[in-house]
Amino acid sequence: MTVSPQPGPLNLITDVPGLVVGHAQNGILKSGVTVLLADAPMSAGVHIMGGAPGSRDTALLAPENLVERVDALVLSGGSAFGLSAADGVMAGLRKMGRGFPVGGHRVPIVPTAILYDLSAGGDHGWLDTPYPTLGGKALDAADTRFELGSVGAGTGAVAGPLKGGIGSASARLADGTIVGALVAANPVGSVAHPDTGQFWAAPFERGDEFGGKGLPPAPGELPLPDLLKSAHTTIAIVATDATLSKAQATRMAMAAHDGMARAILPSHTPFDGDLVFAASTRARPAPDDAGQLLLGHAAAACLARAIARAVFHATPAHGDAAPCWSDRHA
């Protein structure tokens, strides 16, 4: 089994059959929520490599713990306030009859990760948290086709000196297995050469999915004073239709972090909460040892591409804290 050079038909994580993604955002808040949902509960794992993570219900994804499946995965802006987006998603899933059966009840399992966007120029003077409502709206909007750039959890994202956003990409393996990535890119580090605008992820680009600008020059000295202005975080989901256990999904999430390191300089800093969820819809056979190796490689490559696409597709809005890539380098 080898990695095909071609993405799936949508070049989105929803090329994995059975997955849908929804966004909701508030332009005044300059923040939002993104939800990934499957048509049946998914196996899932998680791996955290940033020094400032924010998450909910990630401990249950440890391979030794009881719950084997999750109903949805949530990426949210809002720093720790955004963790309440899961409440809105849980409420919607409960109406659908989804959830882990326990004691005659069903409890939706919705692991969530957040990024910091409170300094993105939005109005955060609210008294009642808007994130549960945004979570419910994102769930309702879930579809196989969804926007990239300044939407959902990426609405207020900043990627080093540029505006960040939501990105996604996919790859089809030789045996037909699909791998995809979904990311809210909001890193301390940069995703493109500051002079040329060429993306660090360029070696993994398929076609001109983020501009086709080619390989960047070698990076120079990092502008450290500019890196430490505030907290950030890149949060992501990688998914496949291959059958994975929780332990195998966790290993896939670990491998996918290589994609952040290929696309962001520097990555996994003490000021980022870099986190990757991995999900399996279990629609295809389990991979052998070599197949799992290739799944991890494909997940990392897709994530690197998705990060570049997030910044490439960002669009301007009033009060932005950073310019868009297109304003400087298109």
- So which residues in the range 147-161 are open to solvent by 10 Å² or more (accessible area, probe 1.4 Å), touching a helix residue (DSSP H, G or I) at 6+ places or on another chain (Cβ under 8 Å) and either under 16 Å from A322 (Cβ atoms) or modelled with pLDDT under 95 (or both)? G160, P161
- Note on the structure: Across the range 33-61, the tally of residues that are open to solvent by 40 Å² or more (accessible area, probe 1.4 Å) and either among the hydroxyl-bearing types (S, T, Y) or touching a residue at least 12 places away in the same chain (Cβ under 8 Å) (or both) stands at 12
- Criterion (hydrophobic (A, V, I, L, M, F, W, C) and either under 18 Å from S190 (Cα atoms) or assigned to a helix (DSSP H, G or I) (or both)) met by exactly one of A247, A283, A279: A247
- Message: Take A310 and tell me if it is open to solvent by 10 Å² or more (accessible area, probe 1.4 Å) and in a helix (DSSP H, G or I).
- Response: no
- Message: in contact with a strand residue (DSSP E or B) (Cβ under 7 Å, 6 or more places away or on another chain), open to solvent by less than 60 Å² (accessible area, probe 1.4 Å) and more than 23 Å from T233 (Cα to Cα): which single residue out of G135, G99, G92, G82 fits that description?
- Response: G99
- What do you reckon, is D175 out of contact with any helix residue (DSSP H, G or I) (no Cβ under 7 Å at 6 or more places or on another chain) and under 30 Å from R284 (Cβ atoms)? yes
- Are there any strands (runs of 3 or more DSSP E) wholly within the range 16-87 with 1 or more residues that are polar (S, T, N, Q) and over 14 Å from the mean Cα position of the chain (by Cα), and if so which? 19-26, 31-48
- Message: If the requirement is being of a type in the set (K, R) and over 19 Å from A278 (Cβ atoms), which of these qualifies: R94, R69, R56?
- Response: R94
- Unmet criterion (only one of (1) modelled with pLDDT of 95 or more; (2) assigned to a helix (DSSP H, G or I); (3) over 20 Å from A202 (Cα atoms)) for P316: (2)
- Collect the residues in the range 174-191 that are part of a strand (DSSP E or B) and modelled with pLDDT of 95 or more, keeping them in residue-number order. I178, V179, G180, A181, L182, V183, A184, A185
- Message: Among the residues of the range 272-289, are any touching a residue at least 24 places away in the same chain (Cβ under 8 Å), within 20 Å of G156 (Cα to Cα) and aromatic (F, W, Y)?
- Response: no
- Task: Could you check, for the range 217-237, whether at least one of its residues is open to solvent by less than 70 Å² (accessible area, probe 1.4 Å), over 18 Å from L75 (Cα atoms) and in contact with a Lys or Arg (Cβ under 9 Å, 6 or more places away or on another chain)?
- Result: no
- Which one of A261, A290, A283, A255 is open to solvent by 10 Å² or more (accessible area, probe 1.4 Å) and modelled with pLDDT under 95? A290
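Condition test on T240, is it open to solvent by 20 Å² or more (accessible area, probe 1.4 Å), modelled with pLDDT of 95 or more and among the hydroxyl-bearing types (S, T, Y)? Spell out the reasoning first.
Values: open to solvent by 20 Å² or more (accessible area, probe 1.4 Å): no; modelled with pLDDT of 95 or more: yes; among the hydroxyl-bearing types (S, T, Y): yes.
So T240 does not fit the description; no.
The values are calculated or read from the model by the stated rules, or taken from the named source; none is laboratory data. Just so it is clear, the model here is predicted, and its values are computed rather than measured. All Cβ positions, even for glycine, are placed from backbone atoms using ideal geometry, and neighbour counts span all protein chains on display. Accessible surface areas use protein heavy atoms only, side chains included; no ligands, DNA or RNA. Shrake-Rupley method; radii C 1.70, N 1.55, O 1.52, S 1.80 Å.
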